[in-house]
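Nothing in this text is a laboratory measurement; each read-out follows from the coordinates by a stated rule. Since we're looking at a predicted model, the values are computed, not measured. Note that each Cβ is placed from the backbone with ideal geometry, even for glycine, and that neighbours are counted across all protein chains shown.
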Amino acid sequence: MLTTLGFVISKKNVKEFDREYCFFTKKYGKINLIAKSIRKPLSKLSAQLEPPSLIEIVFVPNSEKGLIITALAKNSYCSIRKNIDKLKIYNRIVNRLDDLSITKQPDEALWSLINTSIKNLNKYSGKIVELNFSAKFLKIIGLAPNMSYCLNCQNKITDNQSVGFDKYQGGVVCAKCVSPKSINLTSQVFKSINILINMPFKEIMAKELNIPIEQRSGDIKKFFDEYIKQTKKYF
Ligand SMILES: [Zn+2]
């Protein structure tokens, strides 16, 4: 038997009374496990496996899908559970992780990011937590966008200019090189994206940089969504 901490990414009913769960776990990365008889009326397992809980899972491994023996919610994250917007953000975060991670590949940095992101989601505004997750996630998987030089003329780009984002090439172009194909980013949005990529979450909160970032959260989210959509094609 093996034991690990994990978060539920998704679940689906299988056979008459069983359910298959996909978890992102601390020790084993993304794994699929079966919970036997979980849909029978007296099953106690179901309540322990409700997202967004941090769950201690005990299971028997198998070459395909292991079997869950017991599970215990270590933290049920009540303020996410009670808030429909935060629950949606939880889902978007784990789906993003699911999309761009490989099964059965443990990753300490990714675990640390998801673990602290859910903890932060319970405590802080969901918008800043989601944007921070996207930025740090891209950095960990080695796909952070190039924000330093213009892709076209190679000139250094400074924080105080507006730029274009070329989603096809995954980088920015200076004001002189923008084309109709690129997405316009104001200097403030550009600066916010750089802060999210480079500054630890705690420092962003301590310096109250979350306030200007949240004011532009719509544009910043659009940037990350477009960028990741494009990146996914090469994954
Ligand atoms: Zn240029």
Take the Cα pairs of the chain, get the Kirkwood Rh, then feed it into Stokes-Einstein at 37 °C and 0.692 mPa s and tell me D in µm²/s.
171
Computed D for the range 58-139, Stokes-Einstein, Kirkwood radius over alpha-carbon pairs, 37 °C, 0.692 mPa s, to the nearest µm² per second, is 232
Burial ordering of Asp107, Asp85, fewest other beta-carbon atoms within 10 Å first:
Asp85, Asp107
So the angle from the long Cα axis of helix 126-140 to the longest Cα principal axis of the chain, reported in degrees to the nearest 10, equals 80
Applied in sequence order to the range 35-42, the curve 6.51 cos²θ - 1.76 cosθ + 1.60 (Karplus, θ = phi - 60°) yields integer Hz couplings, x standing for Gly and Pro, of 9, 6, 6, 5, 9, 7, x, 9
Here the percent of antiparallel bridges among DSSP beta bridges lying wholly in the chain, to the nearest 5, is 90
Counting all Cα-Cα pairs in the range 90-133, those more than 15 Å apart amount in percent to 41
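Tell me, what are the semi-axes, in whole angstrom and largest first, of the equivalent ellipsoid of the range 1-123 as set by the roots of 5 times the Cα gyration tensor eigenvalues?
22, 18, 13
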Find the centroid of the Cα atoms in the range 150-226 and in the range 1-71, then give the distance between the two in whole Å.
39
Calculate the spin-label point distance for Gln215 paired with Ser37, positioning each point 7 Å from the Cα along the beta-carbon direction, and give it in nanometres.
5.9
Structure-based [θ]222 nm, the chain - -39500 (n - 2.57) summed over DSSP H runs of at least 4, per residue, nearest 500:
-12000 deg cm²/dmol
At 0.890 mPa s and 25 °C, plugging the Kirkwood radius over alpha-carbon pairs of the range 143-235 into Stokes-Einstein gives what diffusion coefficient in µm²/s?
181
